[in-house]
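So the structure is just underneath, and the comments pick up after that.
The values are calculated or read from the model by the stated rules, or taken from the named source; none is laboratory data. Please read these numbers as outputs of a predicted model, since none were measured by experiment. A quick note on method: Cβ atoms are made from the backbone with ideal geometry, for glycine too, and the neighbour counts reach across all protein chains shown. For the accessible areas, the whole protein counts, side chains as well, though only heavy atoms, and no ligand, DNA or RNA atoms are used. Shrake-Rupley method; radii C 1.70, N 1.55, O 1.52, S 1.80 Å.
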Amino acid sequence: MLATEWWRASDAEILAAMREAEELARRFYATTLAIHAEAESRGLTGGYDCTRVVLHDAARIPLTEAVRRESHANLLQHSDVARVAVAEGAMGADHLDVIVKTLAKVPSTASVEQRELAESTLVENARTLDSGGLQRIARQVLAWLDQDGSEPVDSPEPPVNELHVDTRRNGDVRFVGRLGPEAGALLVGLLSPLAKPHPADGVRDWRGVGERQGDAFAELLQLTANAATVPVDGGERPHLTVTMSLGALRAEIGHGQLGGLADLGGLSARQVRRIACDATVVPMVLDGDSQPLDVGRAKRTAPPGVRKALVWRDGGCAFPACGRPAEWTDAHHVRHWVDGGPTSVANMALLCRRHHTLVHHSDWEVRIRDGVPEFIPPSFIDPDRVPRRNTLHGVRSPLRKKCLTG
């Protein structure tokens, strides 16, 4: 590969070589870790205090990197699934960082089976996600494993809402601040429909994300001043969606999750009850497999009922490894509407604008299998074209049941 004259290669060969080069680098890292583990097992210190210091001086790498490799080597010594994945080039050092740190946080109340499930789940997801996506899976796994921990305790203080406003001489107003989870989720929900790109007469909207959100905030102020018009998103007024069982809500135990805002963390049952006191509670009828029933009808745009079911099922963009929330998505017809595809939950999937465009203009294929969107990658991404699913929006994932039952 190193001697190849890349300018002679075809586009397909370049794309395949990019993937193969990364796999080779990861496989070589597996060899590096195996050598480190052998040196550690032999106690090869050469007069130094420990093997990591030997590696630091002999290989001229920072001591922090030597410590990092030591932790990775220790993981592979005790985990067959992780060792195989690295040897195959399926995951690298950044993935190992996430796995090592996550396993160190597994609660002591977790059983051996639950710990092994957490480890295998992380390795399985590392095969299709980057380290950022894997970190989100890790947070979900830790939350599920700690479901039976101490009862959630509401903070005696309300969420911190802070805003500093500064008016400049030219009339511009600058501000900086922060909002608690509830107010922050409300702000995101209000801004989302207003901050979407708005092409005019076929001309692309060239505004960046910051400019679009700034314009959206200004429009939101005007709407508030008018007090008669409220923006809608997906056919509905801005709202919060909190997912948890009705029994847990009534008993004030467990946690709920803000729809589309998993990174903000869970809410205690008491917090959810407080939100519900000033909100409309919309029940969703599920079948025996916890799948939303078809609530659609034959028209092109998904009505609120269908979209609500899609949001519950997909959680956000359904494309593999995409973490964009449901508020940023469109309802995509798997079988195109113009080709006779129905506007129903069984024929639709939520896709963010980027992946919606990609699906329409690339060789990615989409299908609904076992009630879940599944994506088949082009051959240059995966020669075997193994179907992939999004595991980031995991509140509805079968993994949750496994983690809870052990």
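Please list 131-137, 370-376 highest first by mean number of surrounding beta-carbon atoms within 10 Å per residue.
Highest to lowest by the protection proxy: 131-137, 370-376.
Taking R0 as 41 Å, what FRET efficiency do you get between Thr301 and Arg27 from their Cβ-Cβ distance, rounded to the nearest 0.05?
Working: r = 48 Å, r/R0 = 1.18.
Once rounded, the FRET efficiency stands at 0.25.
Put a dot 7 Å past each Cα toward the Cβ at Asp97 and Asp49; how far apart are the dots in nm?
Using points 7 Å along Cα→Cβ, the separation is 2.4 nm.
Which order do the peptides 210-222, 117-129, 21-33, 68-80 come out in when sorted by mean C-beta neighbours inside 10 angstrom, highest first?
Final packing ranking: 117-129, 68-80, 21-33, 210-222.
Rounded if a/c is under 1.5, else prolate if a/b is larger than b/c, else oblate: which is region 1-125, with a ≥ b ≥ c the root eigenvalues of its Cα gyration tensor?
Verdict is oblate for region 1-125.
Once ligands and nucleic acids are excluded and a 1.4 Å probe is used, how much of Trp364 is accessible, expressed in Å² to the nearest 10?
30
Starting from the 7 Å offset along Cα-to-Cβ, what nm value, one decimal, do you get for the label separation of Trp7 and Gln77?
5.0
Over region 50-190, with the other protein chains present, what is the accessible area per residue in square angstrom, probe 1.4 angstrom?
58
Hey, with R₀ at 56 Å, roughly what FRET efficiency would Arg369 and Arg60 work out to, going by the Cβ-Cβ distance, to 0.05? Mind dumping the intermediate values first?
Details: r = 50 Å, r/R0 = 0.90.
Efficiency for this residue pair is about 0.65.
Using a 1.4 angstrom probe on the protein heavy atoms only, could you order Asp49, Asp166 from most to least accessible area?
Ranked list, largest accessible area first: Asp49, Asp166.
What number, in percent, do you get for the relative contact order of region 15-164 if the mean sequence gap of Cα pairs under 8 Å and at least 6 apart is divided by its residue count?
Values: 118 pairs, mean separation 32.4, N = 150.
Relative contact order comes out at 22 percent.
Please list, by residue number, every one of the trypsin sites (Lys or Arg not before Pro) in region 309-376 that is coil in DSSP and has at most 15 other beta-carbon atoms within 10 Å.
Listed in order of number, the matching sites are Arg335.
Express the carbon and sulfur contribution to the solvent-accessible surface of region 11-112 as a percent, rounded to the nearest whole number, probe 1.4 angstrom. Let's see the in-between values first.
Working: 3330 of 5900 Å².
Heavy-atom surface of region 11-112 belonging to carbon and sulfur, 1.4 Å probe: 56 percent.
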